[in-house]
1. Please find, among Val131, Val169, the residue that is modelled with pLDDT of 95 or more and either outside the structural domain of Glu51 (by TED's automatic domain parsing) or in a strand (DSSP E or B) (or both).
2. Which pairs have Cβ atoms under 6 Å, sit 6 or more apart or on different chains, and link a residue in region 175-188 that is over 20 Å from Asp127 (Cβ atoms) to one that is basic (Lys, Arg) and in a helix (DSSP H, G or I)?
3. Lys252 - would you say it is charged (D, E, K, R), at pLDDT 90 or above and not in a helix (DSSP H, G or I)?
4. If the requirement is being over 25 Å from Lys322 (Cβ atoms), in the same structural domain as Ser339 (by TED's automatic domain parsing) and buried (at least 17 other Cβ atoms within 10 Å of the Cβ), which of these qualifies: Asn281, Asn259?
5. State whether one or more residues within region 491-504 are at pLDDT below 80 and within 28 Å of Asp445 (Cα to Cα).
6. Could you give every pair whose Cβ atoms fall below 9 Å, whose first residue belongs to region 302-314 and is over 12 Å from Lys291 (Cα atoms) and touching a residue at least 24 places away in the same chain (Cβ under 8 Å), and whose second residue is surrounded by fewer than 16 Cβ atoms within 10 Å (Cβ to Cβ) and of a type in the set (Val, Ile, Thr), counting only separations of at least 6 or pairs across chains?
7. Test each condition in (1) surrounded by 13 or more Cβ atoms within 10 Å (Cβ to Cβ); (2) modelled with pLDDT under 90 for Gly56 and report the one that comes out false.
Amino acid sequence: MIKNIFLPEKIGSYYLFARRVVGFDITKTIVHACKVDVRGSLVSVEKCLEERIIPGENNYQERAAGAIEEILKNVGQYSTIHTAIDSSRVIFKKLTLPFIEREKIKKVIHFEVEPLLPFSLHEAAIDFMVVNQDIENNSSEVLVAAVQNVVLDDHLQLFAAAGVSPEVVTVDLFSLYGLYRSIPSYAQLDGDVALIDLGVNSTRIAYIHDKHLNFIRTLHKGLSSIAKMLSEEIGVSPSEAMKHIMRFGISKSDDQKYNDAIKKVFFDFWTEISFTLRSFNLRTDELAMNKILLLGVGSEVKGASDFVQNVLNVSSEQFSLKDLFNQKNVTFVKNKLISSSNIISLSVAYPAAINEDFNMRQELELATSSSVVRKQIIAAIVMIAIVLVFLGIHSFVQIRKLKNEYAASEKEAVRKLKSRVPGLDEQRTRRLSVLVSRAKEHVADKERQISLMSPARGSYLNYLLELIERIDKKSLGFYIDNISIVDDVLILRGSVRDFAALRKLEASLRESSLFNYTESQEKFTDFEAKINLIEPSEEF
């Protein structure tokens with residue numbers, strides 16, 4: 001699209017164009033998804049959906065793809081898809097590097113992490129998140145995530161089978177940490193905080209020390225494991241045990257056997273979780289944990305938060321989105337509560353600043369970048385061609401207008417010349433240049449005639465008066481036919497009585513100080529005398 005070619009998607013944290021992101025969190029039994037609309041600085045959570053992966057004869061990929069496809073049918077219009085890989089499939093390594101700039105870190109991260117991976121670098125997709133920076137010492141702490149290509153391909157195949165392709169592939173707990181940092185009340189928490197997502201089949205733990213993500217671990221035990229242990233204790237099927245857990249929770253019921261059993265299995269489960277939390281705690285400078293935030297379907301079990309707090313002796317509560325939606329720029333369109341199970345899918349779609357550059361699908365990002373560059377070059381060539389075509393059309397139109405205007409002006413000039421210059425109206429030509437040339441000749445002729453009458457050389461009257469004084473009409477029998485002056489030459493046409501009168505006339509003309517008459521008439525008394533005019537030394 002034009003906007004992707006010529007303009008960036010956003011400037012800083014301000015999105016120039018509206019963007020609807022669908023974030024997916026896929027587990028073994030259920031697909032969670034949330035759609036988030038981002039425009040400008042506003043974020044609106046539009047929908048949160050979930051679709052169970054129904055057991056059947058088809059393989060997991062086909063069934064999961066069916067669930068994804070069903071969600072996309074119900075989610076409405078969207079711009080892009082983001083998805084999260086289960087952190088249990090990802091290798092995490094923490095590094096400290098002597099750089100602040102992300103581009104510099106990106107150049108060396110592969111070389112730094114390669115010796116720490118249990119598989120070859122070319123077999124893996126790698127990206128990192130900056131969790132802490134020391135500006136004074138010019139250093140950064142980064143958490144590197146590495147996933148084998150085969151794992152990434154398997155995950156992407158779920159979407160390919162549904163006919164779509166995610167633009168961003170992130171890690172579930174990286175996204176959760178980004179959402180955590182976007183909630184003001186949580187971002188200000190000091191000390192050690194554990195985010196625990198108690199799902200059906202697994203428990204995901206993100207351990208935050210001094211406001212920075214430090215450790216990630218996934219335990220392959222979840223609510224289904226608790227239900228299985230409970231089923232053995234009270235002698236019911238795991239599905240019946242699960243129903244009891246979701247209905248009664250850890251609160252008291254009329255069945256004492258159930259009360260004792262549920263407390264025992266929850267105690268055993270959380271005791272195992274506490275070992276992981278203690279191992280994290282021992283690797284930090286904190287003497288004790290400050291808070292546990294629970295999410296996932298397990299956090300919705302009645303009495304779960306209080307029970308965890310009593311067992312682990314740590315302040316525990318359910319992960320809350322209240323402060324997120326209390327911000328002026330964040331809204332939930334449907335004005336409904338978001339279930340704890342959808343928090344991670346929401347975090348995948350949410351535009352958190354701390355992990356906005358993280359993407360395990362970097363080859364797509366590079367391909368997209370190259371594609372955009374190619375499109376920009378093609379678009380630039382097309383735009384230049386369009387501009388040149390428009391310039392050509394504009395020039396053609398302007399030249400045509402000028403030609404028409406010139407023709408009209410020439411026609412008008414011809415009309416005016418013919419009306420003002422005598423003799424031109426008889427000319428059949430319409431060429432202005434010819435008429436102008438002839439008009440110039442006419443003007444020049446008039447100027448010459450006028451110049452003869454100028455005070456500097458005397459007027460025609462002076463010459464005519466001189467001519468009259470020199471001609472004795474009676475004695476010569478002189479008759480004047482025509483007198484004209486052309487180029488300082490007076491042409492006198494007439495006749496005299498005889499040759500003697502003609503000689504007398506010629507002698508008289510030669511005696512004049514204004515005439516230079518040299519030729520002589522030999523044959524006829526009818527003559528044409530050409531008399532050169534001389535400028536008078538003073539005016540008469």
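1. That would be Val169, the only listed residue that is modelled with pLDDT of 95 or more and either outside the structural domain of Glu51 (by TED's automatic domain parsing) or in a strand (DSSP E or B) (or both).
2. Taking only residues 6 or more apart or on different chains, the pairs are Ala187/Arg181.
3. In short, no.
4. Exactly one of Asn281, Asn259 is over 25 Å from Lys322 (Cβ atoms), in the same structural domain as Ser339 (by TED's automatic domain parsing) and buried (at least 17 other Cβ atoms within 10 Å of the Cβ), namely Asn281.
5. No: zero hits.
6. Within 9 Å, the pairs are Val311/Thr271.
7. (1)
The rows are residues; the columns are (1) in contact with a strand residue (DSSP E or B) (Cβ under 7 Å, 6 or more places away or on another chain); (2) crowded, with 18+ Cβ neighbours inside 10 Å.
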{"position": "Ile196", "(1), (2)": "yes, yes"}
{"position": "Ile205", "(1), (2)": "yes, yes"}
{"position": "Leu213", "(1), (2)": "yes, yes"}
{"position": "Ile216", "(1), (2)": "yes, yes"}
{"position": "Gly235", "(1), (2)": "no, no"}
{"position": "His244", "(1), (2)": "no, yes"}
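The values are calculated or read from the model by the stated rules, or taken from the named source; none is laboratory data. On a predicted model such as this, the values are computed, not experimentally measured, just so you know. Backbone-built Cβ (ideal geometry, glycine too); neighbour counts: all protein chains shown.
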